[in-house]
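The values are calculated or read from the model by the stated rules, or taken from the named source; none is laboratory data. Keep in mind that what you see is a predicted model, and the values were worked out from it rather than measured. FYI the Cβ positions are ideal-geometry reconstructions off the backbone, even for glycines, and counts take in every protein chain you see.
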Amino acid sequence: MATDFTPWQSMGGGALIGLAAVLLMVLHGRVLGVTGILGGVLRFGDMADWRLKAAILVGMTMGPLVMMALTGQSPQMQIPISSVAIVLGGVVVGVGVSYGGGCTSGHGVCGNARFSRRSMVATLTFIATAIATVYITRHLLGV
Amino acid sequence: MRLVSAMMIGLIFGLGIAVSGMMNPAKVLNFFDLAGTWDPSLAFVMGGALAVTIPGYWLVFRRAAPVQASRFQLPDTRVIDRRLVLGSATFGVGWGIAGFCPGGALPALGTGIPEAFLFVAALIFGLLLARAMQARSPAPKPAA
């Protein structure tokens with residue numbers, strides 16, 4: 001399934017992601033990593049921390065609605081894979097980000113922005129294995 | 001006020017994800033499909049994000065403390081170990097299978113699309129599974 005190359009829209013969206021990361025650091029002193037935020041909501045120790053993370057997640061789910069309100073367009077979503085692949089991928093992502101200590105937002109944006117070597121290694125690793133996985137599924141297995 | 005600003009920050013992030021194309025699995029998978037229907041857009045997402053975050057963080061870290069909290073909470077580990085590399089490698093495999101990463105899928109819940117709920121449920125299961133595995137073989141504390 002081909003998709004359109006959208007450099008300006010993607011860069012603009014990326015800039016908003018960066019703005020959110022900077023605001024979370026300057027206001028709350030935290031890394032905007034979705035793995036860590038979701039993981040924190042799945043723990044019930046420190047309730048002040050839990051409420052902060054839950055508020056961030058609730059805000060995130062309002063993103064598509066705000067986009068619709070501002071632009072009149074809903075975000076494009078095309079699902080070229082089966083539900084089985086979504087569930088399998090979800091479990092594998094969950095295990096991986098837990099051991100890897102972060103995902104695209106935590107390592108890819110926040111960690112790299114403070115020149116963390118751990119995050120640079122993590123980012124290069126997950127992009128490389130994602131490319132290898134898509135090569136195998138699409139070009140060798142033909143899924 | 002803390003919770004209001006946290007929700008607004010989440011909203012800006014979710015809007016950025018929605019606009020950027022990161023919540024579209026077809027687009028994400030095409031970014032990885034160098035030998036097929038390659039779509040380089042997502043490199044621009046990370047480029048745009050870093051172009052703001054690198055100078056932004058540089059300014060923020062000139063402060064002694066954040067505005068609404070007592071201190072900056074930054075990861076203190078520096079070690080590059082098997083756990084980091086194998087965990088990240090595993091994440092990439094899952095990302096390449098499903099086309100969603102956590103930051104792409106959580107905001108996508110707001111669209112109401114069933115696949116986003118399916119992915120997030122599986123993601124939560126995976127996080128809890130890893131937590132149970134880590135509890136059996138203690139090692140440096142995980143992020144999640």
Flag for residue A:88 being buried (at least 24 other Cβ atoms within 10 Å of the Cβ) and either modelled with pLDDT of 95 or more or touching a helix residue (DSSP H, G or I) at 6+ places or on another chain (Cβ under 9 Å) (or both): no
For residues that are in contact (Cβ under 8 Å) with a residue 40 or more places away in the chain and in contact with a Cys (Cβ under 9 Å, 6 or more places away or on another chain), scanning just region B:18-67, find the one that is nearest to residue B:97 (Cα to Cα). B:28
Is it the case that some residue within region A:124-143 is buried (at least 24 other Cβ atoms within 10 Å of the Cβ) and within 15 Å of the chain's Cα centre (by Cα)? yes
When (1) at pLDDT 95 or above; (2) over 11 Å from residue B:9 (Cα atoms) are applied to residue A:2, the one that fails is (1)
Quick one: in region A:100-122, which of the residues that are crowded, with 24+ Cβ neighbours inside 10 Å and not small (Gly, Ala, Ser) is farthest from residue B:59 (Cα to Cα)? A:103
Of everything in region A:28-37 that's in contact with a helix residue (DSSP H, G or I) (Cβ under 6 Å, 6 or more places away or on another chain) and free of Cβ contacts under 8 Å to residues at least 40 places away in the same chain, which residue is surrounded by the most Cβ atoms within 10 Å (Cβ to Cβ)? A:37
Per the list (1) out of contact with any Cys (no Cβ under 7 Å at 6 or more places or on another chain); (2) crowded, with 17+ Cβ neighbours inside 10 Å, residue check on residue B:91 breaks on (1)
Residues (buried (at least 21 other Cβ atoms within 10 Å of the Cβ) and among the basic types (Lys, Arg)) located in region B:35-63: none
How many residues does region B:5-62 hold that are more than 7 Å from every other protein chain (Cβ to nearest Cβ) and among the basic types (Lys, Arg)? 1
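Mind checking which residues of region A:54-68 are of a type in the set (A, V, I, L, M, F, W, C) and facing chain B (nearest Cβ under 7 Å)? Talk me through it step by step, then tell me what you get.
Taking region A:54-68 and keeping what is of a type in the set (A, V, I, L, M, F, W, C), we get A:54-58, A:60, A:62, A:65-68.
Matches in region A:54-68: A:55, A:56, A:57, A:58, A:60, A:62, A:65, A:66, A:67.
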Tell me whether region B:126-139 contains one or more residues that are under 27 Å from residue A:26 (Cβ atoms) and in contact (Cβ under 8 Å) with a residue 12 or more places away in the chain. no
With respect to residue B:117, determine if the residue is within 20 Å of residue A:95 (Cα to Cα), assigned to a helix (DSSP H, G or I) and more than 7 Å from chain A (Cβ to nearest Cβ). yes
Tell me, which helices (runs of 4 or more DSSP H) wholly within region A:29-87 include 2 or more residues that are charged (D, E, K, R)? A:47-61
Qualifying positions in region A:9-51 - more than 25 Å from residue B:59 (Cβ to Cβ) and more than 7 Å from chain B (Cβ to nearest Cβ): A:40, A:41, A:43, A:44, A:45, A:46, A:47, A:48, A:49, A:50
All-but-one check, residue B:72 against (1) more than 7 Å from every other protein chain (Cβ to nearest Cβ); (2) surrounded by fewer than 21 Cβ atoms within 10 Å (Cβ to Cβ); (3) at pLDDT 95 or above, failing number (1)
Test each condition in (1) over 10 Å from residue A:92 (Cα atoms); (2) facing chain A (nearest Cβ under 7 Å); (3) free of Cβ contacts under 8 Å to residues at least 24 places away in the same chain for residue B:106 and report the one that comes out false. (3)
Filter region A:107-137 down to residues that are more than 7 Å from every other protein chain (Cβ to nearest Cβ) and assigned to a loop (DSSP other than H, G, I, E, B) and give me whichever is farthest from residue B:80 (Cα to Cα). A:115
